[in-house]
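Written out below as structure tokens is the structure these notes cover.
FYI, it's all coordinate maths here, none of it is from the lab. This one's a predicted model, so the numbers in the text were calculated from it and none came from an experiment. Because the Cβ atoms are built from the backbone with ideal geometry, glycine has one as well, and the counts that use them run over all protein chains shown.
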Amino acid sequence: DAGVIQSPRHEVTEMGQEVTLRCKPISGHNSLFWYRQTMMRGLELLIYFNNNVPIDDSGMPEDRFSAKMPNASFSTLKIQPSEPRDSAVYFCASSLALASRDHEQYFGPGTRLTVT
Amino acid sequence: AQKVTQAQTEISVVEKEDVTLDCVYETRDTTYYLFWYKQPPSGELVFLIRRNSFDEQNEISGRYSWNFQKSTSSFNFTITASQVVDSAVYFCALLAGGTSYGKLTFGQGTILTVHP
């Protein structure tokens with residue numbers, strides 16, 4: 001059974017460019033999470049969805065960041081315009097549900113973003 | 001607010017030694033869930049275990065064991081007879097109810113290095 005799929009695995013872009021990160025959750029999972037990992041701040045939750053609806057986006061750093069989940073099998077995280085301080089590893093995770101016993105989150109391999 | 005503290009930033013052991021990773025958490029919720037994740041050098045985050053607040057039974061899985069003590073708000077992780085492949089960053093995480101339901105709070109992680 002496929003795990004969480006993220007693309008691209010690595011992205012190098014110049015400051016000011018638009019960056020789109022993609023995620024396909026585990027089939028049947030109803031909740032999806034976007035995280036960012038940096039040395040300075042550790043793992044931070046950016047936004048999460050339940051049944052394709054954004055539940056909490058309080059972790060999104062600023063208006064340059066946006067996330068969508070048009071259907072149960074696909075989500076995007078977009079940064080426009082990108083800045084060097086956005087360089088980090090971005091993880092997508094999914095879980096079966098939010099409010100049940102089966103809500104451990106399974107993480108994708110991450111996208112390493114470098115903004116020069 | 002939820003908080004997870006992993007006081008050990010780095011631990012270094014020699015293969016076959018036992019090692020315990022400490023995790024202390026803070027929450028006002030009476031229902032909560034604790035997790036351990038492993039992040040090997042390859043970068044992905046691997047789910048290891050979930051423990052519910054109403055179940056204080058310790059758990060053993062092969063060389064791994066977990067000690068959950070509500071009285072001290074701790075959820076410690078022990079690796080018995082460590083191996084080089086155990087070298088990774090280990091994260092403890094907390095998921096609590098209320099308005100923040102669904103949000104995992106991670107500790108800063110403990111870097112474990114197992115030397116041959």
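Just going by the charge dipole of the stretch A:1-95, with Lys and Arg at +1 and Asp and Glu at -1 on Cβ, which of A:T13, A:A72, A:P84 is farthest out on the positive end? Value: A:A72.
Between the stretch B:57-110 and the stretch A:59-89, what's the alpha-carbon centroid distance in Å? Taking the Cα centre of the stretch A:59-89 as reference, the centre of the stretch B:57-110 is 29 Å away.
Entry note, chain A: relative contact order of 36 percent, from Cα contacts under 8 Å with a spacing of 6+ residues.
Rounded to the nearest Hz, the phi-derived 3J(HN,Hα) couplings of the stretch A:31-46 under the Karplus curve 6.51 cos²θ - 1.76 cosθ + 1.60 (θ = phi - 60°) are 10, 9, 10, 10, 10, 10, 10, 9, 5, 6, 10, x, 8, 10, 7, 8, where x marks glycine and proline. With the gyration tensor restricted to C-alpha atoms of chain A, the semi-axes of the equivalent ellipsoid amount to 23, 14, 13 Å, longest first. When the Cα convex hull of chain B is projected onto planes of every orientation, the mean area is 6.9 nm². Per residue of peptide B:33-45, the mean number of Cβ atoms on other chains within 10 Å of the residue Cβ is 4.
Other residues with beta-carbon under 10 Å from the beta-carbon of B:R63 carry, at +1 per Lys or Arg and -1 per Asp or Glu, a net charge of -2. Relative contact order for chain B: 38 percent, from Cα pairs under 8 Å spaced at least 6 residues apart, divided by residue count.
Stokes-Einstein, applied to the Kirkwood radius of the protein assembly as shown over Cα pairs at a viscosity of 1.306 mPa s and 10 °C, places its translational diffusion at 87 µm² s⁻¹.
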